[in-house]
Amino acid sequence: MFRFKQFSVDQTGCAMKINTDGVLLGAVAGEGTPSNILDIGTGTGVIALMLAQRFVNAVIDAVEIDEQAAATAEANFSNSQFDKRLTLYANGFEQFFNDHPDKRYDLIISNPPFYINSLQSPGAKINLAKHAADGFFEKLISIVATLLTQQGTGWLILPIDTAELVKDLIKQHGLYLKKIITIHSFKEDAAHREILVFGKNDEPPTADKFIIYGEPKVYTEMYRVLLKDFLTIF
């Protein structure tokens, strides 16, 4: 059980545990006051719960293809104070789209599997959570492009090489990059992740830099400020 300030997350049966990527994305994603939010590949449900805390009037749909992880996420939703605004769909995002073609969202978020064509991890659950086939991101961006409202934004956190592929797919589907946030462990380190923010309106993209550690085991002030409403260590 991972305890946040306003909710707790049981991680039973979830191959991908709560990690820095997820909490960073959950704390930073979104613009304005989105009313309808979609979390693709919710896992434990942590990002959806963080968004429910941040956007107090938002209704959030969360999709998870792994049956056991979906059951755990649904239980985490039910045990939270935000349960009436959270709905879990236990299927893949393609099936979700086929079942709900008319839904539209102001914010679509995902911390997706990203090791394209890499050596497959042992264990079916880890494989499902961490590895994406060649066409995964093509299908993901295509569906996100359809589900976004005109003013809506998509937010993905990705390793650098995967981000380059996804930037091309964003263009191919008539979407525009709005912002790139590079994530660095230390100030002097090269970026190891990028958060891509994109939407339907053409505007000059901005660039931000986020640094996690000031020194070994010591978080930066920017990390502490971003997560202070969530993590009990701050």
Count - residues of the stretch 159-207 that are in contact (Cβ under 8 Å) with a residue 60 or more places away in the chain and in a loop (DSSP other than H, G, I, E, B): 0
Filter pass, residue 39 being among the acidic types (Asp, Glu), under 30 Å from residue 212 (Cα atoms) and at pLDDT 95 or above: yes
Failed condition for residue 17, given (1) at pLDDT below 95; (2) under 16 Å from residue 226 (Cβ atoms): (2)
The stretch 136-158, residues that are open to solvent by 50 Å² or more (accessible area, probe 1.4 Å) and in a helix (DSSP H, G or I): 138, 139, 146
Residues within the stretch 60-92 that are within 14 Å of residue 37 (Cα to Cα) and either touching a Leu at 6+ places or on another chain (Cβ under 8 Å) or buried (at least 16 other Cβ atoms within 10 Å of the Cβ) (or both), tallied: 9
Residue ID - surrounded by the most Cβ atoms within 10 Å (Cβ to Cβ), chosen from residues in the stretch 169-209 that are of a type in the set (Asp, Glu) and farther than 18 Å from residue 148 by Cα: 194
Residues of the stretch 165-202 that turn out to be out of contact with any Leu (no Cβ under 6 Å at 6 or more places or on another chain) and of a type in the set (Phe, Trp, Tyr), as a count: 2
Odd one out for residue 112 among (1) in contact with a Leu (Cβ under 9 Å, 6 or more places away or on another chain); (2) surrounded by 18 or more Cβ atoms within 10 Å (Cβ to Cβ); (3) modelled with pLDDT of 90 or more; (4) not hydrophobic (A, V, I, L, M, F, W, C): (3)
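The values are calculated or read from the model by the stated rules, or taken from the named source; none is laboratory data. Remember, predicted model here, so these are calculated numbers, not experimental data. Here Cβ is always computed from backbone atoms with ideal geometry, including for glycine, and neighbour counts include all displayed protein chains. The area values use the complete protein model at the heavy-atom level, side chains included, leaving out ligands, DNA and RNA. Shrake-Rupley method; radii C 1.70, N 1.55, O 1.52, S 1.80 Å.
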